[in-house]
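Structure record follows, encoded as structure tokens.
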Amino acid sequence: MTAIHNNWIKQLFVKNYPSCRLSSKPHQQTAIVSRYISSRSTSEKYDALSPEGVNMTKKYTSLRCRQNKIHAIRSEVASITKRWIGSNHVHKDAPTINFFFRNMQDSEQVTVKARVGETILQVAQRYDIELEGACEGVCACSTCHIVFDDDVYDALPEASEDEEDMLDMAFSLQATSRLGCQVEITPDLENIVIDVPGVTRNFYVDGHVPQPH
């Protein structure tokens, strides 16, 4: 998509599509051009363009198709690698690390011992930390919302698209927010501090409290 940001392409579209006004911001240029091309039939797009414009439009359309395919593959991989708490059993003799849960309302800290390989939600439930996990760890809610320090967050594996969607529903969402059911314990998390928001959005209405498996 780098080509769409070049000045010659910007000039080409302004020349051939007078009603298409491009922003100075590259990502907005891409969005506007994409919408404009999508709104025109094939004959309208090509009849209004010079030979150079026809060739560029075809290249752009091809790039968009490849980008959509890549996005679909990434989403599929993310869904395959998603960690499910019900099947993520770790042996009790697995290596352990220590870290801290900190309540964001009163700053109270609790030291916990976590087994490498389990999720942060599993650790929290074992220590009765108020990290609910209403969906029982299948990345279908935001009630195991936690917040990391910047350096810790940057070192974590990237969140999946499903996790990002669920985080959009979390209260007190921060730039370094994650879901506890989707972050696995590794030796690198030794002695970190994890902030637990004082409020969550719970989809249960009968007072049900999910229990760890």
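Residue by residue through segment 121-152, note down the ones that are buried (at least 19 other Cβ atoms within 10 Å of the Cβ), touching a strand residue (DSSP E or B) at 6+ places or on another chain (Cβ under 8 Å) and closer than 17 Å to residue 172 by Cβ.
Correct list: 124, 129, 131, 142, 144, 145, 146, 147, 148.
Looking for something in a loop (DSSP other than H, G, I, E, B) and within 17 Å of residue 197 (Cα to Cα) - is there at least one such residue anywhere in segment 111-127?
The initial filter retains those residues of segment 111-127 that are in a loop (DSSP other than H, G, I, E, B), namely 116-118, 127.
This time we only want the ones that are within 17 Å of residue 197 (Cα to Cα), so: 127.
Yes: segment 111-127 contains one or more residues that are in a loop (DSSP other than H, G, I, E, B) and within 17 Å of residue 197 (Cα to Cα).
Since every read-out is calculated from the coordinates, none of them should be taken as a lab result. Computed from a predicted structure; not experimentally measured. As a convention, Cβ positions derive from the backbone with ideal geometry for all residues, glycine included, and neighbour counts pool all protein chains shown.
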